[in-house]
Amino acid sequence: MTHLLLQLDGKLPNVALMRIAAHHRALGEDVELRRAGNLRSLEPHLWDKHDKVYASLIFERTRPLAERLLLARPGAIVGGTGWEVSSSLEAHGISTTEQDYSIYPRFRSSIGFLQRGCRLRCPFCVVPRKEGRVRPEQAAHSLWRGDPWPRELVLLDNDFFGNPQWRDRIAEMRDGGFKVNFNQGINARFLDDETAEAVASVDYWDWRMNRRAVHTAWDNRKDEKRLMRGLELLVSHGVKPRHITVMMLIGYWPKETHEDREHRRATLRAFGALPYPMPFVRTQELVGFQRWVIGGYDNGIPWEEWRAARYQPRGLSRRSSQESLFGGSS
């Protein structure tokens, strides 16, 4: 038997698909992974003769792909937070926690969770509904897949410091010489001296392991004082401002204005951190604002000019030079 696994979105390896692959390979069955991020790439795969088809999606904007798949293959098993928050592998008889890395042969790091759940109940976030209360998952050495693979961990934890065992996990990562990517971010609003020092004590990187990076978020302008205090604590313990990427939720709160977004962007730039706008709804203006900031165009092109140019750099010139979001590595 051969089963088709479709990754409909996301750049990282999909842990759910890795578990599905491990389940079927343990039964002596074959699996094939394909990335299908748009209708053009999906279409050639719909009529293949596979015994089962699984598809996973993270983002709701990917739903049309999953719906097109189900029209062609009504028996396909579709899941992920982009499809249904309550979806689970266990509902389909897949209970293994083993992850088959062979379906991502170019990925060399180890990926997964040290904890699940979250202490908070942010209205725009599905984690509390999907994962429930905070609970430990495994140790750092259990997540690492061992030699000859590099000591690189991509952590999908949504609330790392909510884990009552976080001190043990930090010690394992530090003493074990692991490069660590806190992929879902650290909640800077809740940092204190101990937790900020803990972040600074580990070898933190982005998920590709080629740029020093700590991620956090600024979802609400009202959190400014708490957020900036957390960023200052990180810097006081040795994290360089340019290593800090701050995800900015935009387009979610009622009556949000461009001035609100601009205040957060300018505050983070002045601090030396890297703002990364994340549109809750993908309007032309919000996506244009995202492109303006991520590309570093905001450092030399005024917003009014950028907007008048339909959010494109063609024909515009920077008044000053500044590296883009991914420009530095040290």
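The values are calculated or read from the model by the stated rules, or taken from the named source; none is laboratory data. Computed from a predicted structure; not experimentally measured. Positions of Cβ are backbone-derived with ideal geometry, glycine not excepted, and every protein chain shown enters the neighbour counts.
Every residue in segment 251-289 that is of a type outside the set (A, V, I, L, M) and touching a Ser or Thr at 6+ places or on another chain (Cβ under 9 Å), please.
The answer is Gly251, Pro275, Tyr276.
Can you tell me which condition Glu90 does not meet? The list is (1) loosely packed, with under 13 Cβ neighbours inside 10 Å; (2) closer than 23 Å to Ser41 by Cβ, and all the others hold.
Going through (1) loosely packed, with under 13 Cβ neighbours inside 10 Å; (2) closer than 23 Å to Ser41 by Cβ one by one, Glu90 breaks only (2).
When only residues in segment 277-330 that are at pLDDT below 90 and basic (Lys, Arg) count, which is farthest from the chain's Cα centre (by Cα)?
Only one residue tops the list, namely Arg319.
Out of Glu90, Glu98, Glu84, which single residue is within 13 Å of Ala16 (Cβ to Cβ) and in contact with a helix residue (DSSP H, G or I) (Cβ under 7 Å, 6 or more places away or on another chain)?
On inspection, the qualifying residue turns out to be Glu98.
Do we have Arg61 as exposed (fewer than 14 other Cβ atoms within 10 Å of the Cβ) and touching a residue at least 12 places away in the same chain (Cβ under 8 Å) here?
Taking the combined requirement at face value, the residue satisfies it.
Give all pairs with beta carbons closer than 6 Å in which a residue from segment 96-111 that is surrounded by 13 or more Cβ atoms within 10 Å (Cβ to Cβ) meets a residue that is charged (D, E, K, R) and assigned to a loop (DSSP other than H, G, I, E, B); count only pairs at least 6 apart in sequence or on separate chains.
Once the first residue is surrounded by 13 or more Cβ atoms within 10 Å (Cβ to Cβ) and sits in segment 96-111, its partners that are charged (D, E, K, R) and assigned to a loop (DSSP other than H, G, I, E, B) give Ser110/Arg145.
Where residues in segment 6-42 are modelled with pLDDT under 95 and among the polar types (S, T, N, Q), which of them is surrounded by the most Cβ atoms within 10 Å (Cβ to Cβ)?
This residue is Ser41.
Taking the conditions exactly as written (farther than 21 Å from Phe113 by Cα, in the same structural domain as Arg108 (by TED's automatic domain parsing), touching a His at 6+ places or on another chain (Cβ under 9 Å) and charged (D, E, K, R)), does Glu262 satisfy them or not?
So Glu262 fails the test.
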